[in-house]
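Note sheet for the following structure.
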Amino acid sequence: MAWFKRKSELIKTDEPKKGVSDGSWIKCEKCGELMHKKQWESNFYTCIKCGFHFRIGSDEYIKILLDDDTFKEFDKKMRSVDPLNFSDTKPYKSRIEETISKTGLYDAIKTGTGKL
């Protein structure tokens, strides 16, 4: 019987599946180029083929700009507040809490000192 007529559940292999560990490859949002994550990071979060700049968080940006282990953050626990009790489709306080749980950051700004 030809291999393409056999049922797939009857086909067995002795070797485990070889694969790439999840998260080690990045695909460019503009040109579709695949690049290794370490190569992407060493290229300052830009595509090696087309130069597309990926969105990065504040921690990555600080890592690019400042010398290693020199950044000292101020006001780590500073939080956004809602002194006007603003509300549109839902209260602003709930939006703040959702954003904190989603990003892990207490505010939209990170302040501190470091060496260039």
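Laboratory data are not the source of any read-out in this text; all were calculated from the coordinates shown. Predicted, not measured: the structure shown is a model, and the values here were computed from it. Cβ sites come from the backbone with ideal geometry, for glycine too, and all protein chains shown count toward neighbours.
Show the residue pairs that are 6+ apart or on different chains and have beta-carbon atoms under 8 Å apart, the first residue being within segment 101-116 and within 17 Å of Asp82 (Cβ to Cβ), the second being among the basic types (Lys, Arg).
Tyr106/Lys76; Tyr106/Lys77; Tyr106/Arg79; Asp107/Arg79
Test Lys76 against the stated conditions and say whether it is surrounded by 12 or more Cβ atoms within 10 Å (Cβ to Cβ) and either free of Cβ contacts under 8 Å to residues at least 60 places away in the same chain or assigned to a loop (DSSP other than H, G, I, E, B) (or both).
no
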